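Report on the following structure.
The values are calculated or read from the model by the stated rules, or taken from the named source; none is laboratory data. Model, not experiment: these values are computed from the prediction. Cβ: placed from backbone, ideal geometry, glycine included. Neighbour counts: every protein chain shown. Keep in mind that these areas ignore ligands, DNA and RNA; they rest on the heavy atoms of the full protein, side chains included. Shrake-Rupley method; radii C 1.70, N 1.55, O 1.52, S 1.80 Å.
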Amino acid sequence: MTGTHHYFLIAACKNSRGDAPLKIFDAHCDVLSKLLENPGLDFEHEPELLDVTLDKMKTSGIGVQNFAVYLPEKDAGDFRRVLESVDLFHQRIASNRYMRLIRSKDDLRLVMESGRIGVMLSLEGVDALQGNLTYVRILFQLGVRSIGVTWNHANWAADGVMEPRGGGFTAKGKQLINECNRLGIVLDAAHLSEKGFWELAELSDKPFIVSHANAKQICGHARNLNNKQITELIRAGGVMGVTFVPPFVQSEQPVTMDKLLMHIDHICSLGGSRHIGLGSDFDGITEWIAGLEHAGKYGRLVELLQKHYSEEDVEHFVYKNWTHFYMRHLPEAPAE
Ligand SMILES: [Zn+2]
């Protein structure tokens, strides 16, 4: 193919020298679940109803966007709905000419060298896999490269963070950890109970991630991580995506971007400057941080970060910490 390098000019986020576009990596959004519920939505251009669209990603210069398969609770156990979500991802997103699917290190390298948007696929909550590891292997073949074990409640594998009994992994859940390690699927402890977090830290052969959560010391929400958890994630070589969910940023609303900066400052104070990424949760939220209402608005966050951090740090927070992690932990070659 010729002329594939310059599909579009990345517009919004410049580095402080103003000479090169600064790419963004977002580790979590829920636009697939909106498209599943309402297939008529226009993923490329929808101005109001979707936070993440092709237009908005182009405006911000998104380099890589992770798309989560998440089923509403009424469908949570239905594997067919997972497959429909995966089909939607391939039909409407990964096959778009501006995008390229990332399944391997080579794919990621090609995306980083090109002007295309890399797209990754993840699963949020394993309820629909029904304890069947065959389904895990099928999802790997279909491109899933990270799995959040739970949503907020308990499932067959583990307890979520809102489950009152606060349990960890089941025996089958521990098999899931092993199978994901073996295949090259990264495990995601967002939404997982604290007991589950520590069991995952002990049992996983590979570093794990927390795709969308903040620091509990700054905002005491149950979904956020305490200092010991953040320190362990750093020690183990994982990455946490700070998230734009207003109640996870600050208990009193409305929330401004300065408060999100406090979470980043705190994680850095624990030694995490090379373990912080972004995990917006766009399209999974119904309220937004002021000035950060959709995927077209990362430019203002980048400007704020540039006032407080070196260019090198900012590049790592918004892009490189995630790309470095996935360059280490994605499979070598695409699955055939
Ligand atoms: Zn979530």
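Normalising the average separation of contacting C-alpha pairs (under 8 angstrom, six or more residues apart) by the number of residues puts the relative contact order of region 119-174 at 32 percent.
Computed in the context of the full set of protein chains, the accessible area of the chain at 1.4 Å probe radius has 51% of its extent on carbon or sulfur. For the residue pairs K23/K259; K23/K174; K74/K259, alpha carbon separations beyond 28 Å are given by K23/K174; K74/K259.
Taken along the Cα-to-beta-carbon direction at a fixed 7 Å, the label points for N178 and E44 span 4.8 nm.
Residue separation of E303 and T286 scaled by 0.36 nm, minus their Cα-Cα distance, works out to 3.7 nm of gained length. Computed extension gain for T134 through E113, at 0.36 nm per residue and net of the alpha carbon distance, reaches 4.1 nm. Cα gyration tensor of the chain, axes a ≥ b ≥ c as square roots of the eigenvalues: rounded (a/c below 1.5), prolate (a/b > b/c) or oblate? Verdict is rounded for the chain. Springs join every pair of Cα atoms under 10 Å in this Gaussian network model of the chain, and among K74, K195, K56 the largest mean-square fluctuation is at K74. Name all residues of region 62-76 having a backbone nitrogen under 20 Å from the label point set 7 Å from the Cα of E311 along its Cα→Cβ direction, giving them as ranges. Hits in region 62-76 for E311 at 20 Å: 62-63. Inter-label distance, Y98 to D78: 3.1 nm, where each label sits 7 Å from its Cα along the C-beta direction. Accessible area per residue for the chain, computed on protein heavy atoms with a 1.4 Å probe, is 40 Å². Segment A333..T256, full-extension length gain: 23.6 nm, with 0.36 nm per residue of separation and the alpha-carbon distance subtracted. When only Cα pairs below 8 angstrom with a gap of at least 6 residues are kept, the chain shows a relative contact order of 20 percent. Every helix of 4 or more DSSP H residues in the chain counts as -39500 (n - 2.57), and over all residues that averages to -9500 deg cm²/dmol at 222 nm.
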